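As structure tokens, the structure follows; a few thoughts come after it.
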Amino acid sequence: MLVARFYAPGDIRLEQAPEPTAGPGQLKIAVVNCSTCGTDVKISRHGHHHIRPPRVIGHEIAGRIVEVGEGVSGWAEGDRVQVIAAIPCGTCVECADGRFTVCSNQESMGYHYDGGFAEYMIIPESVLAVDGVNRVPENIDLAEASVAEPLACVLNGQEIAGVGEGDTVVVMGAGPIGCLHVRLARAKGAAKVYLVDINRGRLDMSANIVQPDATICGEEVDAVETVLELTGGRGADVVITAAASGRAQEDALRMVSRSGRISFFGGLPKDAPIIQLDSNLVHYREISIFGANGSSPEHNRRALELIASGAVPVADLITERMALSDVHKAIETVASGTAIKVTIQP
Ligand SMILES: [Zn+2]
Ligand SMILES: [Zn+2]
């Protein structure tokens with residue numbers, strides 16, 4: 001079977017590999033869709049300290065079960081499934097407390113286990129042990145189901161930041177994650193949602209689909225001033241930074257309202273994680289700053305429901321479908337920002 005394996009930064013190889021078989025406690029799926037995101041770009045350029053090469057990458061996985069390993073119950077050949085990416089251990093102090101996204105022993109599909117850029121993939125026991133396989137509702141296709149994983153991360157971020165009814169929300173970054181944040185904020189009852197990006201082309205492309213209440217191009221205007229104008233000088237209730245930009249994080253602090261909430265949703269490059277932060281703004285204005293790290297199996301389950309119910313549609317965000325043999329082109333397309341969601345169909 002064909003697989004895309006990471007060997008080293010700049011070295012992802014398309015190669016033939018023996019088809020795996022499901023061992024005891026495992027499932028084997030035919031991967032139907034494995035979508036791509038900025039993480040794949042990061043891995044292809046810089047690698048990742050948790051990936052021991054060679055490794056089949058790809059972590060936004062949906063497929064069809066083709067083999068059920070000994071001792072696995074509840075699943076049958078032909079079942080359509082979505083698979084979690086982040087695998088909590090289920091037993092550490094954080095997991096025992098239900099805080100699966102900060103599990104200290106977390107593993108990931110496409111990092112510790114071979115991922116979805118392959119014709120067939122094994123779902124390991126550790127995924128099944130934490131209920132990390134979800135049945136895909138009949139009314140959505142597997143490309144849509146593959147977007148449940150990034151949406152699950154967005155759901156985690158917005159739940160931590162408490163996005164809700166009547167909020168004015170600013171989303172900084174108009175990539176696929178930014179688009180999902182706009183859609184989810186609407187579903188959660190936000191009154192106004194503003195979308196910010198420094199790339200006018202990407203901003204327009206995304207805004208055309210997710211229809212924010214206003215778009216702000218940070219290259220053309222001062223984003224902070226514009227948000228203050230749009231909110232009568234008050235600032236936004238919630239600001240979400242969905243971009244690997246320290247500048248966006250610094251701006252967030254200046255455009256958020258008194259007692260506002262900020263989600264540092266996107267991480268910064270590991271060689272530039274330090275920002276300038278006016279601590280007195282946090283202090284006097286009682287501003288809360290939250291992190292967000294991936295998603296739990298339960299977030300994946302609920303994200304799939306949000307997609308299937310139509311509360312957060314994703315079909316129109318999938319702008320490119322490519323064969324596995326085009327994996328390099330897919331990753332370049334994600335890096336260029338000319339598509340919203342690129343899905344690989346092995
Ligand atoms: Zn991803
Ligand atoms: Zn744990």
Only helices counted: for the chain, with every DSSP H run of 4 or more residues adding -39500 (n - 2.57) and the sum spread over all residues, [θ] at 222 nm is -9000 deg cm²/dmol
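Rounded to two decimals, what ratio of Rg to Rh does the chain give with C-alpha atoms and a Kirkwood Rh?
My calculation of the ratio gives 0.97.
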Placing each pseudo-label 7 Å from Cα in the direction of the beta carbon, THR21 and LEU277 end up separated by a distance in nanometres of 5.3
Excluding residues fewer than 8 positions from LYS28 in its own chain, the lysines with Cα under 28 Å of it are LYS42, LYS329, LYS341
For the GLU286, ALA96 Cβ pair and Förster radius 41 Å, calculated FRET efficiency rounded to 0.05 is 0.85
Rounded to the nearest 5, the percent of antiparallel DSSP beta bridges in the chain equals 55
In order over the stretch 118-126: 3J(HN,Hα) from phi, Karplus 6.51/-1.76/1.60, θ = phi - 60°, whole Hz, x for each Gly or Pro, gives 7, 5, 10, 8, 8, 8, x, 4, 4
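Counting DSSP beta bridges in the stretch 154-291, what percent are antiparallel, to the nearest 5?
Values: 0 of 20 bridges.
Around 0 percent antiparallel, to the nearest 5.
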Here, GLU298 and ALA315, labelled 7 Å along Cα→Cβ, have an inter-label distance in nm of 3.1
In whole Hz, the Karplus estimates of ³J(HN,Hα) for the stretch 248-262 (6.51, -1.76, 1.60; θ = phi - 60°; x where Gly or Pro) are 4, 5, 5, 5, 3, 5, 8, 10, 8, 6, 4, 6, x, 10, 10
When the chain is treated as a Gaussian network with springs between alpha carbons less than 10 Å apart, the largest mean-square fluctuation among ALA214, ALA86, ALA62 is found at ALA214
Rounded to whole angstrom, the alpha-carbon centroid of the stretch 222-290 lies from that of the stretch 40-57 at a distance of 30
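Each value in this text was obtained by applying a stated rule to the coordinates, not by laboratory testing. Small disclaimer: the values here were computed from a predicted structure and weren't measured. No Cβ is skipped: glycine too gets one built from the backbone with ideal geometry, and neighbour counts run over all protein chains shown.
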